[in-house]
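Reading through the structure tokens given below for one structure.
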Amino acid sequence: MSGESVESENAGRKSPVQGKAEAGETLMRQGFRRFWRNRPARLATWVLGVLLIVVFFAPLAPNYRPDIITDRNFAPPSMEHWMGTDDHGRDLWSRVVYGTRISLIVGLIGAAVSFFIGTTWGILAGYFGGRLDQLMMRFVDILYSLPSIIFVIVLLTTMKEIILSSPLSRILGDNTGVLHFFLLFAGLGAVSWLTLARIVRGQVLSLRSQPFLESCHSLGLGHAYIIRRHIFPNLFGIIITYVMLTIPSVILYESFLSFLGLGIESPFASLGSLISRGVPQINPVRIYWWLIAFPALTLALLLISLNFAGDGLRDAFDPKSSSQE
Amino acid sequence: MIHFIKRLAMMIPLMLVISLLAFALVRLAPGGPFSGERSFANEQILKELEARYHLDKPVLVQYGYFLRDLLRGDLGMSMKYRNHTVNDIVRQGLPVSMALGFSAFVFAMSTGITLGVITAWKKGDLTGDLLALLALLFICVPSMVLGPILILIFAVYIPLFPTSFFHTPWHAVLPVLTLGVYYSGKISRLVSEGIQDALASDFIRTARAKGVSPILLLFRHALPMGILPVVSYSGPLLADLLTGSFVVENLFQIPGLGTFLVNSSLNRDHTMIVGLVLIYSTLIIFFNIVVDSLYAVLDPRIRSSR
């Protein structure tokens, strides 16, 4: 992850795209073929696919009742309640499906935010270079050395109050939960773009010295056009890879925050908040293991498959990765 | 050395910027630290409380007071833990958090490097594949999942270890494991990747051609290169361990600083937030500088380019 190794050179890249979108596609297709040959990554993709289908179609099933409070609390797993019930008698299976959904959404949006900031930052710094590059990268260095979780915590709590006291709160009405939700996306995205920015910048630096870019300049193409048509397509593989790896890390971050009581607030629930509600139910007197086991296993499965898939993408697309022949 | 001192000196303006940022962010939030409390019977009491913490003055003046106190090493009074100074709380909590963090650091480094070396050595073998999988599992099981599982197994079903507090080494086993396992996996992956890269490079081929034994090849030639990424990672690692301990402190009821930080940002304990942010960032930036300098000492390529 050190900056200097990234910017060395793109020795591994076999065929730099000659500026055409079609050529870019073959490079992409090569990458995806490499990815698909990777057995763990393929397995992870299947698991993710199944997980996604379950999570998005389960709400159609009649036993999906995440918010129905019954008097059968702490019921162990049975045919009726596949994963048991929680302290309010809610069906845990539905809660876990719901939580997985929220966790996935948080991960995706957080990764999207970090994609926008990281890519823009990295391309601008790498492409224009010089003073601007120095300034932008020092800024990244400083943020890198800050304790990011503290940053998020302070940002979340203060931004929330600032917005709540501004005229915006009248539009929101009572939906402060929604507000918290969006601040969470913004905060998590805002701390996880640093690695991407460094990597993108390194790649742009090495692209900049290539002949095809020089010919673009001599043809008199504008900066915006060159970035859009020639720089960005060449970065695409590596960007997908790191955005993919950002998803699990954002999910993990969110579950940390939820665990500390700073993340998703009820009525929303994420895997992290489910786990944190399960922890107090483990005590020497009575152990309601299902309250922690099922959310924890789901979270672990989600993170494992996302990481496997991300690793597979990195092996397939990152020119620096050693396992690419 | 001169470079190191220069970097240390650079910390001062950086810390000023960070403190100003933290200060501004906290004060910008509307509602003072006391506005959420039960309504004061007497308006006068609120006024006096605010005057005590200089809250009645403009933000810049408040920052001036803060800097003046900071120069004397005083982070001010906590606004919520009445009659406790931030210094008191830091003095109590920081050693605990640091002890937890450093133990986990030692654990993660030792197990991670060992695991990484074996993984790289046995690559292609079943052992190597299994170890690589193990390292990946370590990364995928977050501490708030691992912690309860460890408590269930080693404290409830097999009552081996105590589950809370942190006063004997015996108490430290589960928290340190919970905190360190993730980083152990991460380090192991870094090491094995680094060694594999090193083993593929030209100087290793030369050494092999000269007839250096495989063991010597691994430890004398490949390991020093393979370990460099770990050195550069250890700065962020220490930072992560210090702040990542929040969850573990929460799980095992360890009286570290984490709880204070979370609580203070929830109940607008301004002096506490700013003080703790400052303490944490100072530590983290300091570790980063030390690690960077160490890196320069260890890697001759960087040393000569300076």
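The values are calculated or read from the model by the stated rules, or taken from the named source; none is laboratory data. Since this is a predicted model, take the numbers as computed values, not measurements. Note that we place each Cβ from the backbone using ideal geometry, even for glycine, and neighbour counts take in every protein chain shown. The accessibility values were calculated without ligands, DNA or RNA, using every heavy atom of the protein model including side chains. Shrake-Rupley method; radii C 1.70, N 1.55, O 1.52, S 1.80 Å.
Which one of these is in contact with a helix residue (DSSP H, G or I) (Cβ under 9 Å, 6 or more places away or on another chain) and either of a type in the set (Asp, Glu) or closer than 22 Å to A:Ser148 by Cα (or both): A:Gly107, A:Gly99?
A:Gly107
Please work out which residue is nearest to the other protein chains (Cβ to nearest Cβ), limiting yourself to segment B:132-171 and to residues that are under 16 Å from B:Gly112 (Cα atoms), open to solvent by 30 Å² or more (accessible area, probe 1.4 Å) and in contact (Cβ under 8 Å) with a residue 40 or more places away in the chain. Out of the qualifying residues, it is B:Val141. Looking at the structure I just gave you, is B:Ala209 open to solvent by less than 20 Å² (accessible area, probe 1.4 Å), farther than 27 Å from B:Tyr280 by Cβ and either at pLDDT 85 or above or more than 10 Å from every other protein chain (Cβ to nearest Cβ) (or both)? Against the criterion (open to solvent by less than 20 Å² (accessible area, probe 1.4 Å), farther than 27 Å from B:Tyr280 by Cβ and either at pLDDT 85 or above or more than 10 Å from every other protein chain (Cβ to nearest Cβ) (or both)), B:Ala209 does not qualify.
Looking at this structure, is B:Arg220 under 30 Å from B:Phe4 (Cα atoms), among the basic types (Lys, Arg) and away from every other protein chain (no Cβ under 11 Å)? Answer is yes for this residue. Just to be sure before I move on: is B:Val262 in a helix (DSSP H, G or I), of a type in the set (A, V, I, L, M), at the interface with another protein chain (Cβ under 9 Å from one of its Cβ atoms) and surrounded by fewer than 24 Cβ atoms within 10 Å (Cβ to Cβ) in the structure I sent? So B:Val262 fits the description; yes. Take A:Ile251 and tell me if it is within 19 Å of the chain's Cα centre (by Cα) and within 30 Å of A:Phe35 (Cα to Cα). Answer is yes for this residue.
Taken over segment A:26-57, the criterion of being closer than 22 Å to A:Leu301 by Cα and in contact with a Lys or Arg (Cβ under 9 Å, 6 or more places away or on another chain) is satisfied by A:Phe35, A:Trp36, A:Val55, A:Phe56. Filtering segment B:119-131 to residues that are surrounded by fewer than 17 Cβ atoms within 10 Å (Cβ to Cβ) and assigned to a helix (DSSP H, G or I) leaves B:Leu126, B:Thr127, B:Gly128, B:Asp129, B:Leu130.
Selection of first residues in segment B:293-306 that are over 15 Å from B:Tyr233 (Cα atoms) and of second residues that are assigned to a helix (DSSP H, G or I) and modelled with pLDDT of 65 or more, restricted to Cβ pairs under 8 Å at least 6 apart or on distinct chains, gives the following pairs, ordered by first then second residue: B:Ile302/B:Tyr295; B:Ile302/B:Ala296; B:Arg303/B:Ala296; B:Arg303/B:Val297; B:Arg306/B:His3; B:Arg306/B:Ala296.
Number of residues in segment A:196-217 that are open to solvent by less than 40 Å² (accessible area, probe 1.4 Å) and out of contact with any Asp or Glu (no Cβ under 6 Å at 6 or more places or on another chain) equals 12. Looking only at segment B:150-182, filter to residues that are among the small types (Gly, Ala, Ser) and in a helix (DSSP H, G or I); which one of those is modelled with the lowest pLDDT? Here the residue is B:Ala155.
The residue that is surrounded by the most Cβ atoms within 10 Å (Cβ to Cβ), among those in segment A:280-297 that are within 10 Å of chain B (Cβ to nearest Cβ) and under 30 Å from A:Asp311 (Cβ atoms), is A:Pro295.
Within segment A:107-148, the set of residues being within 14 Å of chain B (Cβ to nearest Cβ) and crowded, with 17+ Cβ neighbours inside 10 Å comprises A:Gly107, A:Val140, A:Tyr144, A:Ser145, A:Leu146, A:Pro147, A:Ser148. Within the option set A:Phe256, A:Phe268, being open to solvent by 30 Å² or more (accessible area, probe 1.4 Å), more than 10 Å from chain B (Cβ to nearest Cβ), touching a helix residue (DSSP H, G or I) at 6+ places or on another chain (Cβ under 9 Å) and closer than 24 Å to B:Leu261 by Cβ holds for one residue only, A:Phe268.
The rows are residues; the columns are (1) in a helix (DSSP H, G or I); (2) aromatic (Phe, Trp, Tyr).
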| position | (1), (2) |
| --- | --- |
| A:Phe185 | yes, yes |
| A:Arg201 | yes, no |
| A:His217 | yes, no |
| A:Gly220 | no, no |
| A:Arg228 | yes, no |
| A:Met244 | yes, no |
| A:Ile251 | yes, no |
| A:Ser255 | yes, no |
| A:Gly263 | no, no |
